[in-house]
Amino acid sequence: MKIFLDTANFESIQKYLELGVVDGITTNPSLLFKENSDPIDAMKKIVKMVDGPVSLEVVATDFDEIMDESLKLASYGDNVVVKIPMTADGLKAVNALTKKNIKTNVTLIFSANQALLASKAGATYVSPFIGRLDDIGHDGLSLISDIVQIFSGYDFSTQVLVASIRHPIHVIESAKLGADVVTLPPEILQKMIHHTLTDKGLDIFLNDWEKLKKGFPNIGF
Ligand code: G3P
């Protein structure tokens, strides 16, 4: 399973890229708004920082304007994936962009039927938002299970990119269900790194090493 970072924060992107665990980036207008810098410059910079796929979202809602924005976003780099909200005009744009070999990520997916249609239109990725479904009392992970089952049954090539992840258990369960990608806010990735027993165990090792050094003062690697 691939791990993308769901952020437009340059420091976080740099920090986690260096760990070698991040395969790509997803952004959206809300994440860009949080950073409070020129969004076009920010998107161009992120595309250059990362070798893997970077999802950049259109804000147009009618077909011609979606196409215009998509072609501009795609020109920022070969690794750009154009992120398009799940609407009829959006599907039409996905179909047209696929014919031009431009990768797409259909976002704001909340049902298996939406995912099925996005895949048929040619989407490279679909982004079901599981946390937002959980927030309203639905079961986000069961949507992932349904989409994975449908795509694998018909050999669809569209990748299931699990978005709106709220906690590390969402990641484990998505992996167990066979999702292709999870996109994580940096704080969730940070939580995945840590375990209290790891911290405790490291303290014990370091304390014992200090005690050992008392008997062997010249010890060194
Ligand atoms: O990529 C966007 C998606 O992950 C949204 O997450 O937390 O705003 O529901 P959230």
Checklist entry - Within the set of pairs 6+ apart or on separate chains, which have a first residue in region 29-50 that is farther than 15 Å from P186 by Cα, a second that is assigned to a helix (DSSP H, G or I) and among the acidic types (D, E), and C-beta atoms under 8 Å apart? => result A42/E35
Checklist entry - So which of I165, I147 ends up being in contact with a strand residue (DSSP E or B) (Cβ under 9 Å, 6 or more places away or on another chain), within 11 Å of the ligand (Cβ to nearest atom) and either among the β-branched types (V, I, T) or part of a loop (DSSP other than H, G, I, E, B) (or both)? => result I165
Checklist entry - Which condition number in (1) closer than 27 Å to I40 by Cα; (2) assigned to a helix (DSSP H, G or I); (3) away from the ligand (no atom under 16 Å from the Cβ) is the one that D78 fails? => result (2)
Next on the checklist: Among the listed residues K45, K2, identify the single one that is of a type outside the set (G, A, S), farther than 20 Å from F110 by Cα, modelled with pLDDT of 95 or more and away from the ligand (no atom under 16 Å from the Cβ).
Outcome noted: K45
Checklist outcome for this item: Given the conditions (1) under 24 Å from Q190 (Cβ atoms); (2) within 14 Å of the ligand (Cβ to nearest atom); (3) touching a strand residue (DSSP E or B) at 6+ places or on another chain (Cβ under 6 Å), every one holds for L56 apart from (1)
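The rows are residues; the columns are (1) away from the ligand (no atom under 15 Å from the Cβ); (2) surrounded by 10 or more Cβ atoms within 10 Å (Cβ to Cβ); (3) farther than 23 Å from S55 by Cα.
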position	(1), (2), (3)
H170	no, yes, no
S174	no, yes, no
G178	yes, yes, no
V182	no, yes, no
D203	yes, yes, yes
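The values are calculated or read from the model by the stated rules, or taken from the named source; none is laboratory data. Being a predicted model, the structure only gives us computed values, none of them experimental. Methodologically, a virtual Cβ is constructed for each residue, glycine included, from the backbone with ideal geometry; neighbour enumeration extends over all protein chains shown.
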